[in-house]
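What follows is a short report on a single structure.
The values are calculated or read from the model by the stated rules, or taken from the named source; none is laboratory data. All values derive from a computational prediction rather than experimental measurement. Neighbour counts run over all protein chains shown; Cβ positions are idealised from the backbone, glycine included.
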Amino acid sequence: MLDRFEPAPDLRDWIAETFITGDGPLVNEEHAHLAEAHLGILWTNCDNTRNMRQVLGQTELMPPMAMGKWQRARAIQQIEEWFGAMPDFLITFSAPACDGMNDATFCALVEHELYHAAQKLDQYGMPAFHRETGKPIFAIRGHDVEEFTGVVRRYGADAAGVRTLVDAANAKPLIDGADLDGVCGTCLRAAA
Ligand SMILES: [Zn+2]
């Protein structure tokens, strides 16, 4: 089968409603800045196995950087054609890996990726905004233990791959039953 990447507007709407802007139980105020973000969501069937573990998802800050001039312009054209404009973040999910995941596991994966989609902090540690537009300045947040405590709190330590975080893990997770077998391409650690 050919390797394909397909934009997933339905999944984007579901993610926004479920975790960011809706009023359901999974809405997480730590993602509030993403209400102003354009999220470009892709499904892919392209296998991405690293260190014998399957990459399940990956979050990238847009527009793409660190390429040759033509490579970058070509990538920008492709992404703008997919999403109508350049998104703030591009989040890619492995369709074969997500197919058959239980709901809690898929939610844990989505939130793991959303936690990467952060707002930049200024020199005082406060959320940074563009001076002209007032829009949040976005950044990729790494997968360090403190910043991912939220995922542990919501899904438990097994889903987080950070069993040492016993304090957070001792609290009953908001959503039970998540257990991911794979890694995230952004941090290359156990997803969620
Ligand atoms: Zn990650």
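Here are some conditions: (1) surrounded by fewer than 14 Cβ atoms within 10 Å (Cβ to Cβ); (2) of a type in the set (Phe, Trp, Tyr); (3) within 16 Å of the ligand (Cβ to nearest atom). Phe19 meets all but one. Which one does it not meet? Looking at each condition in turn, Phe19 falls short on (1).
Gly68 passes every criterion in (1) over 22 Å from Ala159 (Cα atoms); (2) modelled with pLDDT of 95 or more apart from (2).
I'd like to verify a number: residues in segment 53-72 that are surrounded by 11 or more Cβ atoms within 10 Å (Cβ to Cβ) and away from the ligand (no atom under 16 Å from the Cβ), how many? Matching residues across segment 53-72 total 6.
Determine if segment 65-77 includes at least one residue that is of a type outside the set (Val, Ile, Thr) and under 14 Å from the mean Cα position of the chain (by Cα). Among the residues of segment 65-77, not one is of a type outside the set (Val, Ile, Thr) and under 14 Å from the mean Cα position of the chain (by Cα), which makes the answer no.
Out of His143, His116, one residue alone is modelled with pLDDT of 90 or more and surrounded by 11 or more Cβ atoms within 10 Å (Cβ to Cβ). It is His116.
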